[in-house]
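Undergrad: There's a structure below that I have some questions on.
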Amino acid sequence: IVYNYEKDAVSGTLGTPSPDHIATFGLSGEEAAPVLKKLEKKERVDAIAYIDAEVQQILTVNIVAQTTEGDPENCIMLGAHSDSVAEGPGINDDGSGTISLLEVATQLTKFNVSNCVRFAWWAGEEEGLLGSDYYVQSLSEEENQKIRLFMDYDMMASPNFAYQVYNATNALNPNGSEELRDLYIDWYEQQGLNYTFIPFDGRSDYDGFIRNGIPGGGIATGAEGIKTKREEKVFGGKAGDWYDPCYHQLCDDVGNVNMTAFVVNTKLIAHSVATYAVSLKDFPK
Ligand code: PHE
Ligand code: ZN
Ligand code: ZN
Ligand code: ZN
């Protein structure tokens, strides 16, 4: 299989403009126009460092790639965010999920799919889920219906990791998928690994999907939460410390990756894609 891809221009307004944030990929209104043109023509756009405390608009892009093969009326979708906070490079958050998806997308080219598979690398997650919210809001009802599930992969390799699965029992989020949750926990069990549940608290890119009727879920390995004694027993690492001691800091660099967790979770991502690309028989219409 091969992919079609598109860049989806996203612009958002920062509540309190901070020069540091804007420097990442910021453009003022006037400068944004020619860049938007380039994006429309799918030309390459390099990040431009622009520091101006008065600037309120930022411009950035989602990258979306879809298999050319597979039923385009029935797509499975997965995503990771390609931005980081201004404070650091964001290698675990979320370079990890970003690279996992690239690897799975690459490996998938060797296989056939029955359902279409759509990958997203979201922009502006750290500024308030800008890219994924924009994407879901922009879908027509018809396009919304074609996305049969969304899988979120944010922070796959926290140094003091726990294998976390979004649990689909929150009444506020009726579209958390039980089928997907069970796929994850069955797989961890088959590998002889433990897992814990985390709630859909609206802190990652699944949020726009499940609030707009698309079944969703995902896995994570923990951010600024504190590892419990029980988790230390089953996952190793250190109770009392953050799952990711470098969460949203300068030290979230290439050293801030637990390779065991990264490989395990990348395999699970591959498993989730391999399963639902072949069949969606357990999924609600
Ligand atoms: N999405 C959060 C971030 O990017 C981190 C997070 C992931 C929080 C998963 C809770 C659960 O900073
Ligand atoms: Zn920030
Ligand atoms: Zn983050
Ligand atoms: Zn994140």
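Undergrad: What shape does the range 76-192 have by the C-alpha gyration tensor, where a ≥ b ≥ c are the square roots of the eigenvalues, rounded means a/c under 1.5, and otherwise prolate means a/b greater than b/c and oblate the rest?
TA: On the way: a/c = 1.21, a/b = 1.04, b/c = 1.17.
It comes out rounded by the Cα gyration axes.
Undergrad: What nm distance separates the two modelled labels at Asp241 and Gln190, each placed 7 Å from Cα along Cα→Cβ?
TA: With each label placed 7 Å out from Cα toward Cβ, I get 3.2 nm.
Undergrad: Next up: Compute the Cα gyration tensor for the range 180-285, then decide on rounded, prolate or oblate, letting a ≥ b ≥ c be the square roots of its eigenvalues: rounded whenever a/c is under 1.5, prolate when a/b is larger than b/c in the other cases, and oblate in all that remain. Display every interim value, and only then the final one.
TA: Working: a/c = 1.90, a/b = 1.50, b/c = 1.26.
It comes out prolate by the Cα gyration axes.
Undergrad: Is the shape of the range 120-242 rounded, prolate or oblate, going by the alpha carbon gyration tensor and its root eigenvalues a ≥ b ≥ c, with a/c under 1.5 for rounded and a/b larger than b/c for prolate?
TA: Working: a/c = 2.47, a/b = 1.69, b/c = 1.46.
Taking the square roots of the gyration eigenvalues as a ≥ b ≥ c, the range 120-242 is prolate.
Undergrad: Then there's this: For the pairs Lys227/Lys267; Lys110/Lys227; Lys146/Lys227; Lys233/Lys267; Lys238/Lys267; Lys227/Lys281, flag any whose C-alpha to C-alpha distance is greater than 31 Å.
TA: Details: Lys227/Lys267 24 Å; Lys110/Lys227 39 Å; Lys146/Lys227 38 Å; Lys233/Lys267 23 Å; Lys238/Lys267 25 Å; Lys227/Lys281 37 Å.
The answer is Lys110/Lys227; Lys146/Lys227; Lys227/Lys281.
Undergrad: Report the paramagnetic label zone for Ala270: residues of the range 189-225 whose backbone N is under 16 Å from a point 7 Å from Cα along the Cα-to-Cβ axis.
TA: 191
Undergrad: Distance from the Cα centre of the range 91-151 to that of the range 228-285, in angstrom?
TA: First find each Cα centre; the distance between them is then 17 Å.
We did not get these values from a lab; they are worked out from the coordinates using the rules stated. Computed from a predicted structure; not experimentally measured. Note: ideal-geometry Cβ built from the backbone for every residue, glycine included; neighbour counts use all protein chains shown.
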